[in-house]
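The values are calculated or read from the model by the stated rules, or taken from the named source; none is laboratory data. Please read all numbers here as calculations on a predicted model, not as lab measurements. A quick note on method: Cβ atoms are made from the backbone with ideal geometry, for glycine too, and the neighbour counts reach across all protein chains shown.
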Amino acid sequence: MTATPPKRGFATRPRDPETWIKAADTASARAIDPAVYSARLTIDVTADQRARIKIAAFQRGVTVADMLRELLAREFPESTGDAR
């Protein structure tokens, strides 16, 4: 008979606390100036669309937000002239 492994808590202590403490000093790759994104865009999508978007983002190794920001920037570039 095998014993079930003990349940792990939400945050477990690292095996090497020194490395863990020093890791907090490094900047996160996702650290973004909050002032850059000061507006929130809400859209309605079907559950199937949402699933496809999340899967595509996961396969690309990015967050859904980052993937959609890139898509919107590509589709709607900053204009340099008169808006018509």
Legend entry - Hits in segment 44-84 - residues which are loosely packed, with under 11 Cβ neighbours inside 10 Å and of a type in the set (S, T, N, Q): 46, 59, 79, 80
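Only one of 16, 48 is modelled with pLDDT of 75 or more and more than 22 Å from the chain's Cα centre (by Cα). Can you tell me which? Steps first, answer last, please.
Working: 48 fails: more than 22 Å from the chain's Cα centre (by Cα).
Sole residue among the options that is modelled with pLDDT of 75 or more and more than 22 Å from the chain's Cα centre (by Cα): 16.
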